[in-house]
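First up is the structure itself, then whatever we jot down about it.
The values are calculated or read from the model by the stated rules, or taken from the named source; none is laboratory data. Note that this is a predicted model, so its numbers are computed, not measured. Here the Cβ is made from the backbone with ideal geometry for all residues, glycine too, and neighbour counts use every protein chain on show.
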Amino acid sequence: MSWADARPCAVRVPATSANLGPGFDSFGLALGLYDVVTARVLPEGLAIEVSGTGADTAGAGEQHLVIRAMRTAFARLGGQPPGLAIACANQIPQGFGLGSSAGAIVAGLLAARALAGPEGQAALTDDDVLHLATRMEGHPDNVAACLAGGLTIAWAPAAATPDGPAARVARLTPLPGIGAVLCLPATPVLTSAARAVLPPEVPHAAAAANSARAALLVAALTSRSELLMDATEDFLHQRYRAAAMPATATLIDALRAAGIPAVVSGAGPSVLAFVQDGAGPKPGDVTAIAGPDWQVQLLPIDTQGATVQPA
């Protein structure tokens, strides 16, 4: 592959919130908070700049997650460039359940494809990108929402094979006027730690109740927003994670007691609350309940997903 004509590119990826209560490891929602990765081919070497969150990762070299994703895509495309430079301008908090690792993986894969030009676009389809991103991330919920924007439902094919698609995705557009209020605590929690407290099995009754709520959540976010309170009730993971992040559990209980639909964002410890234009609780109500220990921010729902432009 010739790299002489590779043009610099800029990839913008949204934050994502997975699970959304009952949609464990399947539902994802893209949020209007972004990382931007600018990439170009160098004659030799590796240069990494990082501003914003995760600035301390600039010295990670080949272990930087964006670079690892780029290398994965280049290997799939058949050849590595002689050198690489990336500049990451990050807004997505890292370690708070907002899909920062999914964003880095998606940004790296799309940047590599863009640098490879038309040949890269032809050789690495959107389905291929989803496949590689899911393999790197380990599950598809965040990467699907990051790629497609809006509300996504991701699942593994029933007859999955090592060479087959790791995930499939259905994308839906949430109702206009639904906003997501992000409540960010001071201290992150590792996703691995949040997963470690989950039991290997759950009661059949809990699984049945969760299935009903997950189906209801699709209706609530796309056509019946008055159902969001019931639709965001979870029976699979949040109660088990409460001991690992008690402040998160306490805030969710307080918000829901006030009639505000609230869930753990991804694996936590952030909390996501839903509000609607012209109806019900307002972002200020969330701020008042959260108090000074939480950073509270109203975010729009992103409907574009990851975008690539010339730099």
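May I ask you to list the residues in region 161-192 that are among the hydrophobic types (A, V, I, L, M, F, W, C), closer than 19 Å to D230 by Cβ and assigned to a loop (DSSP other than H, G, I, E, B)?
Matches in region 161-192: L175 only.
Please work out which one of (1) small (G, A, S); (2) surrounded by fewer than 16 Cβ atoms within 10 Å (Cβ to Cβ); (3) at positive phi is the condition G268 fails and give its number.
Result: G268 passes all but (2).
Could we say that V286 is over 21 Å from the mean Cα position of the chain (by Cα) and surrounded by 21 or more Cβ atoms within 10 Å (Cβ to Cβ) here?
yes
Among all residue pairs at least 6 apart or on different chains, which show Cβ distances below 6 Å where the first residue, located in region 15-42, is within 13 Å of V271 (Cα to Cα) and the second is among the β-branched types (V, I, T)?
As it stands, the answer is L20/V263; G21/T232; G21/V263, since those pairs meet every condition given.
Among A60, A75, which is the only one that is free of Cβ contacts under 8 Å to residues at least 12 places away in the same chain and either among the acidic types (D, E) or surrounded by fewer than 16 Cβ atoms within 10 Å (Cβ to Cβ) (or both)?
A75
Keeping to region 188-208, report how many residues are over 16 Å from G99 (Cα atoms) and either acidic (D, E) or within 19 Å of the chain's Cα centre (by Cα) (or both).
Looking only at that region, the number is 1.
What's the number of the only condition in (1) part of a helix (DSSP H, G or I); (2) touching a residue at least 24 places away in the same chain (Cβ under 8 Å); (3) closer than 18 Å to T38 by Cβ that D128 fails to meet?
Going through (1) part of a helix (DSSP H, G or I); (2) touching a residue at least 24 places away in the same chain (Cβ under 8 Å); (3) closer than 18 Å to T38 by Cβ one by one, D128 breaks only (3).
Conditions tested, residue by residue: (1) touching a Ser or Thr at 6+ places or on another chain (Cβ under 9 Å); (2) at pLDDT 95 or above; (3) of a type in the set (D, E); (4) surrounded by fewer than 19 Cβ atoms within 10 Å (Cβ to Cβ).
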position: A4; (1), (2), (3), (4): no, no, no, yes
position: P8; (1), (2), (3), (4): yes, yes, no, yes
position: V11; (1), (2), (3), (4): yes, yes, no, no
position: G21; (1), (2), (3), (4): yes, yes, no, no
position: L33; (1), (2), (3), (4): no, yes, no, no
position: V41; (1), (2), (3), (4): no, yes, no, yes
position: L46; (1), (2), (3), (4): no, yes, no, yes
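Every residue, every condition in (1) buried (at least 19 other Cβ atoms within 10 Å of the Cβ); (2) touching a strand residue (DSSP E or B) at 6+ places or on another chain (Cβ under 9 Å); (3) within 30 Å of G177 (Cβ to Cβ), yes or no:
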| site | (1), (2), (3) |
| --- | --- |
| A116 | yes, no, no |
| Q121 | no, no, no |
| T125 | no, no, no |
| V129 | yes, no, no |
| T134 | yes, yes, no |
| E137 | yes, no, no |
| D141 | yes, yes, yes |
| L147 | yes, yes, yes |
| L151 | yes, yes, yes |
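Quick one: what pairs do we get from region 184-200, first residue assigned by TED's automatic domain parsing to the domain that holds Q238, second of a type in the set (S, T, Y) and assigned to a helix (DSSP H, G or I), C-beta under 9 Å, 6+ apart or different chains?
Listed by first residue and then by second, the contacts come to P185/T248; V189/T248; T191/S101; V197/Y240; L198/Y240; P199/Y240.
Condition (residue is out of contact with any strand residue (DSSP E or B) (no Cβ under 6 Å at 6 or more places or on another chain), hydrophobic (A, V, I, L, M, F, W, C) and either surrounded by fewer than 23 Cβ atoms within 10 Å (Cβ to Cβ) or more than 17 Å from M136 (Cα to Cα) (or both)) applied to region 80-88: is it met by at least one residue?
Looking through region 80-88, none of the residues is out of contact with any strand residue (DSSP E or B) (no Cβ under 6 Å at 6 or more places or on another chain), hydrophobic (A, V, I, L, M, F, W, C) and either surrounded by fewer than 23 Cβ atoms within 10 Å (Cβ to Cβ) or more than 17 Å from M136 (Cα to Cα) (or both).
Quick one: how many residues across region 220-245 are within 16 Å of P261 (Cβ to Cβ), within 21 Å of the chain's Cα centre (by Cα) and not acidic (D, E)?
Final tally of qualifying residues: 7.
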